[in-house]
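Asker: Starting off with a structure, shown below.
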Amino acid sequence: MGLQHFVMKRMQQREDGVGTMPTPKAERNYLTKARKSHESGETTYITSSPLSPTNGFEMLGNKEAEMFEFPEKIRMVSFKTIRYMIRILRARGRSFKELVQNEEVVEIEVRDNGNQELWEELKEYASEKWGIKKIGFTRIPTEFIFSGKFISYPYALVFIEEMRKDPIDKAPEHAAGVETMRVYWHLGNAVNDIARWLRERGIKCQPNHPLDGLTVTPPLAGKAGLGWQSQFGLLITPEFGVRQRIAPIFIDKQHFNLTDSLEHEWIEEFCSTCGICREECPTEAINEKRVPYLEGVETIGALKSCIDRPKCYPYFLETTGCSVCVKVCPFSRGGGVYDQLKSQFLQKE
């Protein structure tokens, strides 16, 4: 119990007041270097917009950093979860330590056909070695960079990995939280490895861990045509519904064809008429109407939020991630339900 309590208190002691994972030293050094570079007028790094969200917590909308009382009753995390946390911190640190490898990359040319052959090789490598089936490519709006953060390159390969349905269906039990941490760990290792693969093929890049990253990933993946944001802010994809985690690899040039698309835009209206997540939320933290907080975003238009964060966040911590909204979303059933829901919805119009 002592180790469990220590880990949870370390989560509380984040310097930004957000009770998630501590920041690895290599990441702190990177951000310090980037901040000093920016303050000196250099353009080596790409920084956030004045409209950028302050932090992630999966939900968007509040530009002000919010401080929460750490819940008195916190489910003691299992040692399996602690192991994942430690491995995640190592992987996050490694992603910044290995940026020095970009100095040795002999860059390939940008081709008119979007390096189609390399694109297919990338998809095959990600699928066969890491089980990743969904990849997109897009340019990153600076509004998607968290306030005060910096990235090295303007384009993003976006990778999505499924969270298994059986443990997520047990939410808010601890099994759902363990599955979430497992995917964070696995996907973080995957993008680190794929970044090395890209560098060997002449592409400078920066992998970013899916947990506590530098950019807000649900709208980034939506912009890349991989899905659309749900009522509560997470991404809905045809394959997994909301049962996934997302990680980008930032790259220096437009080496691939952009996958931007509005194919899944119909989900916006579907969610406004569904309401299951709102009804099932154990803390009544999902409001009926989403409020735009950022408009005019290329491809996807406005970003909206409907989460009452002070209601959501304490229970989120108490239950190691809750995930009830992920469980009950009808898209999360999988098995072709996306096409069924789309057909039924469009017939009603």
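Asker: Restricting attention to region 163-192, and to residues there that are assigned to a helix (DSSP H, G or I) and basic (Lys, Arg), which single residue is surrounded by the most Cβ atoms within 10 Å (Cβ to Cβ)?
Answerer: Checking each candidate, the answer is 182.
Asker: Among 57, 79, 70, 96, which is the only one that is in contact with a Phe, Trp or Tyr (Cβ under 8 Å, 6 or more places away or on another chain) and either surrounded by fewer than 17 Cβ atoms within 10 Å (Cβ to Cβ) or modelled with pLDDT of 95 or more (or both)?
Answerer: Values: 57 fails: either surrounded by fewer than 17 Cβ atoms within 10 Å (Cβ to Cβ) or modelled with pLDDT of 95 or more (or both); 79 fails: in contact with a Phe, Trp or Tyr (Cβ under 8 Å, 6 or more places away or on another chain); 70 fails: in contact with a Phe, Trp or Tyr (Cβ under 8 Å, 6 or more places away or on another chain).
Criteria check complete, one pass: 96.
Asker: For region 210-227, indicate whether the set of residues that are over 26 Å from residue 107 (Cα atoms), of a type in the set (Ser, Thr, Tyr) and out of contact with any His (no Cβ under 7 Å at 6 or more places or on another chain) is non-empty.
Answerer: Within region 210-227, one or more residues are over 26 Å from residue 107 (Cα atoms), of a type in the set (Ser, Thr, Tyr) and out of contact with any His (no Cβ under 7 Å at 6 or more places or on another chain).
Asker: Where residues in region 24-47 are over 21 Å from the mean Cα position of the chain (by Cα) and among the β-branched types (Val, Ile, Thr), which of them is nearest to residue 212 (Cα to Cα)?
Answerer: Only one residue tops the list, namely 32.
Asker: State whether the residues of region 20-42 include one that is surrounded by fewer than 18 Cβ atoms within 10 Å (Cβ to Cβ), more than 19 Å from residue 318 (Cβ to Cβ), modelled with pLDDT under 90 and touching a Ser or Thr at 6+ places or on another chain (Cβ under 9 Å).
Answerer: So far as region 20-42 goes, no, none of its residues is surrounded by fewer than 18 Cβ atoms within 10 Å (Cβ to Cβ), more than 19 Å from residue 318 (Cβ to Cβ), modelled with pLDDT under 90 and touching a Ser or Thr at 6+ places or on another chain (Cβ under 9 Å).
Asker: Further, regarding this structure: From the list 127, 147, 152, exactly one residue is modelled with pLDDT of 95 or more, surrounded by fewer than 19 Cβ atoms within 10 Å (Cβ to Cβ) and of a type outside the set (Lys, Arg). Which is it?
Answerer: Of 127, 147, 152, the one residue that is modelled with pLDDT of 95 or more, surrounded by fewer than 19 Cβ atoms within 10 Å (Cβ to Cβ) and of a type outside the set (Lys, Arg) is 127.
Asker: Applying the selection to region 196-212, what residues are at pLDDT 95 or above and within 17 Å of the chain's Cα centre (by Cα)?
Answerer: 206, 207, 208, 209, 210
Asker: Among the residues of region 115-124, write down those that are surrounded by 14 or more Cβ atoms within 10 Å (Cβ to Cβ) and over 25 Å from the mean Cα position of the chain (by Cα).
Answerer: Within region 115-124, 115 is the sole residue that qualifies.
Asker: Give the residues of region 97-134 that are assigned to a loop (DSSP other than H, G, I, E, B) and farther than 30 Å from residue 28 by Cβ, sorted by residue number.
Answerer: 106, 108, 109, 110, 111, 112, 113, 114, 115, 131, 133, listed by residue number.
Asker: Quick check, is residue 164 among the charged types (D, E, K, R) and under 18 Å from the mean Cα position of the chain (by Cα)? Step through it out loud before you land on a result.
Answerer: Working: among the charged types (D, E, K, R): yes; under 18 Å from the mean Cα position of the chain (by Cα): yes.
Judged against the criteria, residue 164 is a match.
Asker: Moving on to the next point. Pick out, from region 212-285, the helices (runs of 4 or more DSSP H) lying fully within it that include 1 or more residues that are closer than 17 Å to residue 187 by Cβ and touching a Pro at 6+ places or on another chain (Cβ under 8 Å).
Answerer: 217-223
Asker: May I ask you to verify whether residue 329 is out of contact with any helix residue (DSSP H, G or I) (no Cβ under 7 Å at 6 or more places or on another chain) and not aliphatic (A, V, I, L, M)?
Answerer: When the stated conditions are applied, residue 329 does not pass them.
Asker: Give all pairs with beta carbons closer than 9 Å in which a residue from region 238-258 that is under 9 Å from residue 162 (Cα atoms) and in contact (Cβ under 8 Å) with a residue 40 or more places away in the chain meets a residue that is assigned to a loop (DSSP other than H, G, I, E, B) and basic (Lys, Arg); count only pairs at least 6 apart in sequence or on separate chains.
Answerer: Qualifying pairs under 9 Å: 239/133; 243/164.
This table checks each residue for (1) among the aliphatic types (A, V, I, L, M); (2) farther than 22 Å from residue 118 by Cβ; (3) surrounded by 24 or more Cβ atoms within 10 Å (Cβ to Cβ).
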site	(1), (2), (3)
194	yes, no, no
199	no, no, no
203	yes, no, yes
217	no, yes, yes
221	yes, no, yes
225	no, no, no
231	no, yes, yes
242	yes, yes, yes
251	yes, no, no
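The values are calculated or read from the model by the stated rules, or taken from the named source; none is laboratory data. All figures in this text were calculated on a predicted structure; none of them were measured in a lab. So basically every Cβ, Gly included, is an ideal-geometry build from the backbone, and we count neighbours across all protein chains shown.
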